[in-house]
Amino acid sequence: MRLKFFCVVCTVSLYAFCETDYDMLVDLQRAFDSDLSDEMVNIAIDEVEAMKEQLSYVAANPINVNMATRDELEALPFLNVTQVENLLEYIFYYGDLKSIYELSLIKGWDKSTLMMAAPFLTVKPVNKEHKFSFKDIGKYGKSSIYVRAGGALQKRKGYENGKYLGKPYSLITKFYFKHKDFSVGLLGSKSEGEPFDFKYNKGFDFYCGHIAFMNISKHFKGIYLGDYRMQFGQGLVFKSNSSFSSSAFYNSIIFSDNIKPSYSASETGYFRGLALSFGGKYFNFNLMTSHTQYNKNEGYHRTESDFEKRYMTPSYILGGNFSFFGRYYKVGLSGYYDFFDNAFNVGIDYRFRIKFFNFAGEVALDKNLKLATINSFSVFCNEKVSLIALFRYYPFGFETKFGNAYSRNSVTDETGFAIGVETSPFRNWKFSFLSDIFNISLPKYNVNKPSVGFSFNFKALYSPSENSSGLFKYNILSREKNFNSDAAVKQTGTYFKHSFSLNYNLIVKEIITLKSTISSSIYIFDSISNNRLVTYGYMLSFAGGWRCTDNIFSFMTGAAFFDIPEYDNRIYNYEPSVLYSYASEQYYGIGCRFFLVLKFIPVKGLNIEFKASDTYFLDRNVIGSGNEEIKGNHKTQLQGAVRYNF
């Protein structure tokens with residue numbers, strides 16, 4: 001299951017800390033981060049940063065509701081398809097909105113939705129004579145320069161033995177200029193241990209850049225040159241990023257069709273070339289060509305062997321998408337051909353709505369003539385109850401280079417059924433349930449036979465006021481795995497992992513923030529010989545923050561104490577970090593961790609941030625393994641970031 005988050009707490013935090021537009025963009029990140037769960041471990045960190053970057057841009061350039069398209073609204077992770085449809089239907093019958101408060105009259109737009117949407121939406125008269133203008137781009141466009149660096153103080157084995165070719169610090173620099181009709185950006189990045197030179201690299205290890213023109217004319221929607229990301233249908237053929245959702249797991253399987261410039265430091269999932277977008281009242285047509293050389297399973301480039309494996313999977317693709325739509329339906333055709341390995345994918349997707357009922361799906365074919373499909377049914381009766389069910393079938397051998405549809409494992413071998421419910425039966429309460437059962441037809445890593453598994457998630461959110469909230473989460477995951485991996489004939493058993501967490505957030509007088517979390521994990525493994533292994537672990541964390549009333553200076557500090565002797569009981573916990581950086585710490589072992597984050601805004605538009613953290617272990621004298629090994633029982637990390645908007 002992909003990432004899910006509760007945005008009510010996020011938006012409350014946003015309002016509590018924001019006074020100026022640029023301050024709002026800074027605190028938007030922390031507001032969004034404040035309730036991310038450990039499910040984030042399945043999402044690439046750079047994808048989180050890219051998503052937050054996009055939301056920050058939308059917050060700085062709110063969408064005019066009276067001119068918004070369905071895709072623009074569906075790209076906001078806290079809106080479900082029914083809320084979007086009800087908004088468009090309201091405008092169709094009653095005309096343009098006169099005030100942002102008129103949204104409260106639309107069915108399904110409850111108080112929490114309005115709070116979350118407020119920073120991203122605006123209401124203005126419709127400018128039917130909009131024309132692409134370089135003069136307006138120069139006048140209203142916004143620029144940003146961003147630099148972030150960090151690293152660990154303790155020396156790791158890879159630097160001592162000379163295996164790592166670079167220095168022990170990471171570095172990201174980014175520049176972009178944005179306007180609703182134009183965008184240009186350039187990014188360079190290197191991770192810890194990667195060389196910053198001209199022998200192995202051309203300076204940075206990775207570069208990302210683009211030039212994009214949007215809303216060029218009535219039918220010429222955009223041209224994207226350089227690096228871009230896109231998604232169409234339900235993600236079987238084209239989908240660059242993982243999904244984020246606040247309503248059950250709806251946005252994990254219902255996507256808005258779009259092409260967007262890439263701002264991310266992620267070295268996978270992007271296209272590099274040219275994309276053209278055309279459209280009319282009832283159709284959209286997109287063409288793209290791309291040449292990339294990344295391997296989506298590729299990691300760091302720190303050693304000689306890393307560079308030997310680099311650029312081993314090039315692709316030269318030509319593809320596109322055509323969709324035809326009306327008020328309550330959409331049908332699309334997506335496909336591409338890779339000239340390098342003669343591979344292709346082609347898919348047909350659909351969406352339609354009948355009153356409160358929504359149907360969506362996609363069927364895709366690959367070069368092996370394998371058919372995969374994903375289909376969903378959802379009901380959004382009102383703001384009190386929503387339900388969604390999903391079936392997916394990905395046969396063994398199905399190949400998709402650029403797809404990223406909903407799955408527990410991958411889209412190459414999985415059959416599963418998931419059902420989710422979200423309800424708000426009482427004032428200030430919201431409950432969500434998600435159950436998923438899945439089947440793997442062939443042996444996989446660490447399980448030498450066909451296997452089955454299931455998961456169940458429960459969340460309860462209590463928000464008695466705008467300044468306080470409590471969140472309880474319970475998750476059970478059951479799967480099969482080998483329990484005697486060293487034996488000639490491997491045997492399998494079934495494990496159950498129960499995870500619990502309780503979070504409480506409080507804002508005092510709009511300047512003090514308090515957070516606390518209690519998490520625990522119980523791991524039970526049953527082998528076929530009836531031997532049962534039971535282990536457990538727990539983690540306690542506390543954090544507090546303060547900001548001065550003029551918002552020039554703020555800080556947050558916290559501590560975590562953990563007792564998790566076994567790796568199978570590991571616990572993930574969110575931790576605040578510097579701007580556009582995400583920290584989900586993995587706790588395993590016995591020890592404690594402390595952190596401090598400082599933020600300074602000396603002048604409007606300039607943000608200076610610093611983070612220090614230290615983890616102490618009581619059960620070991622060596623941290624990590626291989627080239628990442630550190631001799632000692634503690635690890636200190638420093639990180640700093642500077643951004644200037646103008």
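Quick notes on this structure:
- Selected residue (criterion: nearest to Phe232 (Cα to Cα)) from residues of region 274-314 that are assigned to a strand (DSSP E or B), open to solvent by less than 20 Å² (accessible area, probe 1.4 Å) and not hydroxyl-bearing (Ser, Thr, Tyr): Asn286
- Each residue in region 490-549 was checked for being of a type in the set (Asp, Glu) and under 31 Å from the mean Cα position of the chain (by Cα), and 1 pass.
- Pairing each residue of region 281-305 that is basic (Lys, Arg) with any residue that is modelled with pLDDT of 85 or more, provided the two are 6+ apart or on different chains, yields C-beta distances under 7 Å for Arg302/Gly158; Arg302/Tyr164; Arg302/Leu165; Arg302/Gly166; Arg302/Gly193; Arg302/Glu194.
- Restricting attention to region 355-374, the residues being open to solvent by 80 Å² or more (accessible area, probe 1.4 Å), in a strand (DSSP E or B) and within 20 Å of Val421 (Cα to Cα) number 1.
- So Ile137, is it surrounded by 17 or more Cβ atoms within 10 Å (Cβ to Cβ) and either part of a loop (DSSP other than H, G, I, E, B) or among the β-branched types (Val, Ile, Thr) (or both): yes
Residues checked against (1) open to solvent by 50 Å² or more (accessible area, probe 1.4 Å); (2) basic (Lys, Arg); (3) assigned to a strand (DSSP E or B):
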residue	(1), (2), (3)
Phe595	no, no, yes
Val603	yes, no, no
Ser613	no, no, yes
Tyr616	yes, no, yes
Ala641	no, no, yes
Tyr644	yes, no, yes
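- Residue match in region 542-554 (condition: within 29 Å of Leu471 (Cα to Cα), in a loop (DSSP other than H, G, I, E, B) and open to solvent by less than 30 Å² (accessible area, probe 1.4 Å)): yes
- Just one of the listed residues (Phe391, Phe340, Phe352, Phe377) is part of a strand (DSSP E or B), under 24 Å from Ile259 (Cα atoms) and either open to solvent by 60 Å² or more (accessible area, probe 1.4 Å) or in contact with an Asp or Glu (Cβ under 8 Å, 6 or more places away or on another chain) (or both), and it is Phe352.
- Some residue of region 436-443 being surrounded by fewer than 17 Cβ atoms within 10 Å (Cβ to Cβ), touching a residue at least 24 places away in the same chain (Cβ under 8 Å) and in contact with a Phe, Trp or Tyr (Cβ under 8 Å, 6 or more places away or on another chain): yes
- Filtering region 618-639 to residues that are of a type in the set (Val, Ile, Thr) and open to solvent by less than 60 Å² (accessible area, probe 1.4 Å) leaves Ile623, Ile630, Thr636.
- Filtered residues of region 515-525 (kept if out of contact with any helix residue (DSSP H, G or I) (no Cβ under 6 Å at 6 or more places or on another chain) and surrounded by 16 or more Cβ atoms within 10 Å (Cβ to Cβ)): Lys515, Ser516, Thr517, Ser519, Ser520, Ile522, Ile524, Phe525
- Total residues in region 78-102 satisfying the condition of being touching a helix residue (DSSP H, G or I) at 6+ places or on another chain (Cβ under 7 Å), open to solvent by 10 Å² or more (accessible area, probe 1.4 Å) and not in a helix (DSSP H, G or I): the figure is 3.
- Residues (in contact with a Leu (Cβ under 7 Å, 6 or more places away or on another chain) and in contact (Cβ under 8 Å) with a residue 24 or more places away in the chain) located in region 375-394: Ser376, Ser378
- Criterion: closer than 30 Å to Lys384 by Cα and among the β-branched types (Val, Ile, Thr) - qualifying residue of Val84, Val126: Val84
- Residue-level analysis places Tyr580 outside the set of residues that are of a type in the set (Ser, Thr, Tyr), outside any loop (DSSP other than H, G, I, E, B), crowded, with 21+ Cβ neighbours inside 10 Å and out of contact with any Phe, Trp or Tyr (no Cβ under 6 Å at 6 or more places or on another chain).
The values are calculated or read from the model by the stated rules, or taken from the named source; none is laboratory data. Not measured: the values here are computed from a predicted model. Note: ideal-geometry Cβ built from the backbone for every residue, glycine included; neighbour counts use all protein chains shown. Ligands, DNA and RNA are excluded from the accessible area calculation, which covers all protein heavy atoms including side chains. Shrake-Rupley method; radii C 1.70, N 1.55, O 1.52, S 1.80 Å.
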